[in-house]
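Written below as structure tokens is the structure these notes are about.
Bear in mind these aren't lab numbers, they're just calculated from the coordinates by the rules spelled out. This structure is a prediction, so every number in the text was calculated from the model and none was measured. Virtual Cβ from ideal backbone geometry, glycine too; neighbours counted across all protein chains shown.
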Amino acid sequence: MYLHNNAVGLGQFQMKVQQLIDTARALVADDKGLLAMDESNPTCNKRFANLGIPQTEDARRAYREMILTTSGLGESISGVILYDETIHQRKKDGTPFIKAIIDSGIIPGIKVDTGANVLAGHPGEKITEGLDGLRDRLNEYFQMGARFAKWRAVIAIGDGIPSRGCVEANAHALARYAALCQEAGLVPVVEPEVLMDGAHTLERCREITGEVLRTVFCQLYAQRVILEGMILKPNMVLPGSTCSAEEEVSEVDVGEQQYQVRLTDRQEDEAQAVDEVADTTVRCLLRTVPAAVPGIAFLSGGQSCELASARLNAMNIRFKSRLPWALAFSFARAIQQPALEIWHGQDAHVLAAQQALHHRARCNRAARRGEYTVEMEGT
Ligand code: 13P
């Protein structure tokens with residue numbers, strides 16, 4: 001039996017499974033979502049460099065303290081995803097970040113992959129690494145207080161890619177990571193990200209996202225991952241960032257049949273475009289994600305803050321009452337970016353930055369309820 005070995009009695013095993021299920025449910029309860037603040041040092045430094053903020057450990061610490069001390073953050077955020085450097089850091093007054101998080105009623109999580117590297121024999125494709133020594137690292141993070149973990153696989157769409165080899169290798173790594181997490185008592189947040197970069201159509205993104213998710217769930221099944229004790233963190237199904245409107249193709253369901261419709265003037269109606277992304281994304285997920293999974297928490301992937309909220313909102317308005325899983329958020333850029341720009345490395349800007357962060361978190365909680373409106377954005 002998975003998770004169950006001779007060293008652990010059946011009672012303890014059942015308790016451990018129940019704890020995983022409770023944590024997974026808590027992460028998507030009350031219309032809240034996750035805040036990803038687990039940028040690796042190179043990624044965080046790159047975002048700082050773009051704004052002329054010093055790329056030092058203390059600047060990263062101060063930035064994360066600004067986020068974590070945002071008043072009322074826990075009203076909209078159920079869990080935060082930290083990076084290894086951050087989970088070891090403290091507030092200026094000496095309080096460990098992880099204590100401050102738990103004290104504010106938020107569940108701490110941790111990114112545990114070590115990044116994506118070139119996949120041998122597959123030009124233009126990457127494999128996410130970090131399985132070596134992972135069991136020990138997970139046990140350590142659990143002891144520190146983390147209750148969930150994240151691993152991100154990246155799948156690029158392009159000429160002749162993704163290859164089957166890339167999709168399978170990444171899905172296998174995600175499943176091995178997820179099984180190790182559950183063994184350690186951590187809920188795995190399984191993130192297979194199909195990138196938005198490129199000129200591909202919405203339809204191509206739907207096709208690839210569907211293939212990736214089917215492969216991931218086959219591997220999760222093979223590795224005996226308990227679906228009730230995990231969260232899926234997928235991309236929304238979107239046209240590529242450089243896709244021209246004329247290329248855009250939409251899928252339409254008529255009864256059991258699917259038709260592809262070329263829409264040339266679709267982008268002129270923004271609301272319709274938002275609904276189309278919502279419909280395509282949810283239909284893709286309904287065909288690929290088992291009902292036992294308690295929650296789906298989207299990454300934002302480079303969408304604007306407003307579009308990410310509007311699309312999540314449209315999905316919940318149009319489908320919420322008919323879905324087996326919660327549709328939530330696990331955004332990094334689409335929650336943090338305005339706050340980062342306001343903060344700009346300046347102590348004097350902390351309060352204004354926190355207000356911006358709180359606002360985005362609130363907008364996304366509203367989107368979970370289907371209550372987000374453009375009026376919430378003010379002027
Ligand atoms: P974005 O929301 O900025 O895509 O980040 C989500 C994330 O956690 C990437 O791993």
How big is the chain by the Kirkwood estimate over distinct Cα pairs, in Å? 21.2 Å
When the Cα centres of the stretch 171-214 and the stretch 328-354 are compared, how far apart do they sit, in Å? 27 Å
Give the longest segment of the chain that steers clear of trypsin sites (Lys or Arg not before Pro) in DSSP loops with at most 13 neighbouring Cβ atoms within 10 Å, not counting the sites themselves. 225-379
With a Förster distance of 45 angstrom and the Cβ-Cβ distance between Ala348 and Ser40, calculated FRET efficiency to the nearest 0.05 equals 0.95
For Arg164 paired with Asp58, estimate the spin-label separation in nm (one decimal), with each label point 7 Å from Cα along the Cα-to-Cβ line. 5.6 nm
May I have the pair-distance distribution P(r) for the stretch 33-135, computed from all Cα-Cα distances with 10 Å bins from 0 and rounded to whole percent? 14, 39, 32, 12, 3, 0
Using only helices, what value at 222 nm comes out for the chain when you add -39,500 (n - 2.57) per DSSP H run of length 4 or more and divide by the total residues, to the nearest 500 deg cm²/dmol? -14500 deg cm²/dmol
Pairs from Lys46/Lys92; Lys32/Lys91; Lys99/Lys126; Lys46/Lys320; Lys91/Lys320 whose Cα-Cα separation, in the structure shown, is over 30 Å: Lys99/Lys126; Lys46/Lys320; Lys91/Lys320
Along Cα→Cβ, 7 Å out, is where each label goes; now give me the distance between the ones at Arg135 and Glu377 in nm to one decimal. 5.0 nm
When DSSP assigns beta bridges and you keep just the ones with both residues in the chain, what percent turn out antiparallel, to the nearest 5? 30 percent
Across 5 Å bins from the origin, how do the percents of Cα pairs in the stretch 28-80 run, short distances first? 4, 18, 24, 19, 15, 13, 5, 1
